[in-house]
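Have a look at the structure below before the remarks.
We did not get these values from a lab; they are worked out from the coordinates using the rules stated. The shown structure was predicted, so the numbers you read here are calculated from the model rather than taken from an experiment. Every residue, glycine among them, receives a Cβ derived from its backbone with ideal geometry; neighbour counts consider all protein chains shown.
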Ligand code: SF4
Ligand code: SF4
């Protein structure tokens with residue numbers, strides 16, 4: 001069975017294609033302004049590299065920041081679950097994961113099956129994220145790919161009291177003006193990020209073994225600092241940035257077998273400044289009766305089945321970005337029409353929310 005996982009992050013999009021347990025191809029590319037288009041480009045590259053067509057892919061799971069906007073995904077699963085699953089596949093002994101992404105950082109605890117038992121996320125400020133390191137690299141005029149090596153070459157950390165992007169940037173500029181070597185500045189910043197990450201990990205409880213996922217895990221300088229702070233040598237996958245996409249592909253492999261597992265609830269919606277309205281369909285409950293399709297006055301639903309699997313309700317691709325404009329919610333809808341998606345669905349498979 002061929003299954004795909006696609007991880008639409010805030011800065012990078014990653015994708016993995018599996019045939020049973022074998023990785024057929026993988027892709028990492030920048031996330032463009034439109035998640036849907038980026039996901040299509042990533043999928044196309046993935047298929048080309050593997051020499052297969054979209055029709056050969058039995059199931060696709062999307063994860064990451066832009067997961068609800070992937071038009072061809074059969075399901076979506078949270079990136080926390082996917083990172084835990086991907087890391088568990090590579091290292092079944094790992095119980096503690098630090099996922100360092102472009103705009104947030106997550107400490108995750110999982111069990112022996114890779115199921116998340118606890119997590120905590122820092123997404124309130126850029127400190128310690130990929131974006132933060134990009135800002136510092138720009139200020140110091142050091143290529144992003146070289147900042148970790150530059151930090152490793154230093155023996156004189158400059159202490160940084162903050163990793164708030166704004167204050168750290170001005171501290172770094174002031175150090176540069178005083179003639180402090182760039183490596184020492186970077187070493188100090190990496191030390192501060194490692195301290196903060198260790199504190200995040202402590203809040204979920206650090207248990208052996210330990211792994212780091214996400215693009216920042218490729219920064220050797222930071223990995224070394226983290227190993228010192230945590231007191232454990234992290235187990236690192238060949239490409240730690242692909243762990244979320246790999247986990248999504250593993251969920252897709254199960255979804256294609258109709259397991260109705262952790263990824264069976266699909267959230268459709270759009271969470272940004274223009275709205276945060278979500279419709280969720282629980283595919284494990286939906287029997288494909290089609291009642292919601294004819295009941296919805298806004299034409300939001302359709303039925304779709306793939307590769308012999310029975311049809312299930314989906315939110316039409318064209319409606320996904322405009323849900324908050326199209327759907328007034330159960331209450332208003334039932335006041336204007338005698339039946340709505342909620343009242344006609346005997347399987348109770350549809351729910352709506354304003355907070356995702
Ligand atoms: S509440 Fe009404 S408009 Fe909204 S999805 Fe259901 S049937 Fe459609
Ligand atoms: S009414 Fe419910 S069970 Fe029927 S297709 Fe819609 S979501 Fe599925």
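Using the Cα coordinates of segment 265-353, the gyration tensor eigenvalues translate into equivalent-ellipsoid semi-axes of 20, 16, 11 Å, sorted from longest to shortest. Here the calculated FRET efficiency for residue 120 and residue 351, from their Cβ-Cβ distance with R0 = 25 Å, stands at 0.45, rounded to the nearest 0.05.
Rounded to the nearest 500, the helix-only mean residue ellipticity at 222 nm of the chain stands at -10500 deg cm²/dmol, with each DSSP H run of n ≥ 4 adding -39,500 (n - 2.57). In segment 92-236, Cα pairs under 8 Å separated by at least six residues give a relative contact order of 31 percent. Scaled against the 2.2 N^0.38 Å expected of a compact globular protein of N residues, the Cα radius of gyration of the chain reads 1.08. With each label modelled as a point 7 angstrom along the Cα→C-beta vector, the residue 220-residue 335 pair spans 6.5 nm.
If both residues of a DSSP beta bridge must be in the chain, then about 80% of such bridges are antiparallel.
If I fit a long axis through the Cα atoms of helix 220-230 and take the longest principal axis of the Cα atoms of the chain, what angle between them do I get, 0 to 90°, rounded to 10? Value to nearest ten degrees: 90.
Listed by Cβ neighbour count within 10 Å, with the fewest neighbours leading, 91, 210 appear as 91, 210. Ordered by the number of other Cβ atoms lying within 10 Å of each residue's own Cβ, fewest first, 59, 268 fall into the sequence 268, 59.
Compared with the dominant principal axis of the Cα atoms in the chain, helix 79-90 is inclined by about 70°.
For segment 92-236, the Kirkwood hydrodynamic radius from C-alpha pairs, put into Stokes-Einstein at 25 °C and a viscosity of 0.890 mPa s, yields a diffusion coefficient of 161 µm² per second. From the alpha carbon centroid of segment 315-347 to that of segment 145-186 is 53 Å. Once you reduce segment 38-72 and segment 189-242 to the center of their Cα atoms, the two points are 29 Å from each other. Cβ crowding within 10 Å ranks 131, 203, 85, 178 as 178, 203, 131, 85, fewest other Cβ atoms first. If the segment from residue 89 to residue 44 were pulled out straight at 0.36 nm per residue, it would be longer than the present Cα-Cα gap by 13.7 nm. Dividing the alpha-carbon radius of gyration of segment 53-125 by the rule-of-thumb value 2.2 N^0.38 Å gives 1.22.
Taking the DSSP beta bridges with both ends in segment 92-236, the antiparallel portion is around 70 percent. The stretch between residue 174 and residue 11, if pulled fully straight at 0.36 nm per residue, gains 55.8 nm over its current Cα-Cα span. The stretch between residue 103 and residue 298, if pulled fully straight at 0.36 nm per residue, gains 66.7 nm over its current Cα-Cα span. Using C-alpha pairs under 8 Å with a sequence gap of at least 6, the mean separation divided by the residue count of segment 265-353 gives a relative contact order of 36 percent.
Starting from the Cα of residue 233, move 7 Å in the Cα-to-Cβ direction to define the label point; list residues of segment 193-215 whose amide nitrogen is under 11 Å from there. Flagged as within label range: none. Per q in 0.10, 0.12, 0.16 1/Å, what log10 I(q)/I(0) does a Debye calculation on the alpha-carbon atoms of segment 1-145 return? For the requested q values the scattering log ratios are -0.37, -0.53, -0.92. The angle between the Cα long axis of helix 243-255 and the longest principal axis of the Cα atoms of the chain comes to about 20 degrees, rounded to the nearest 10. Could you work out the relative contact order of the chain? I mean the mean sequence separation of Cα pairs under 8 Å and 6+ apart, divided by the number of residues, in percent. That works out to 18 percent. Springs between Cα atoms under 10 Å define the GNM used for the chain, and in it the highest mean-square fluctuation of 133, 54, 17 occurs at 54.
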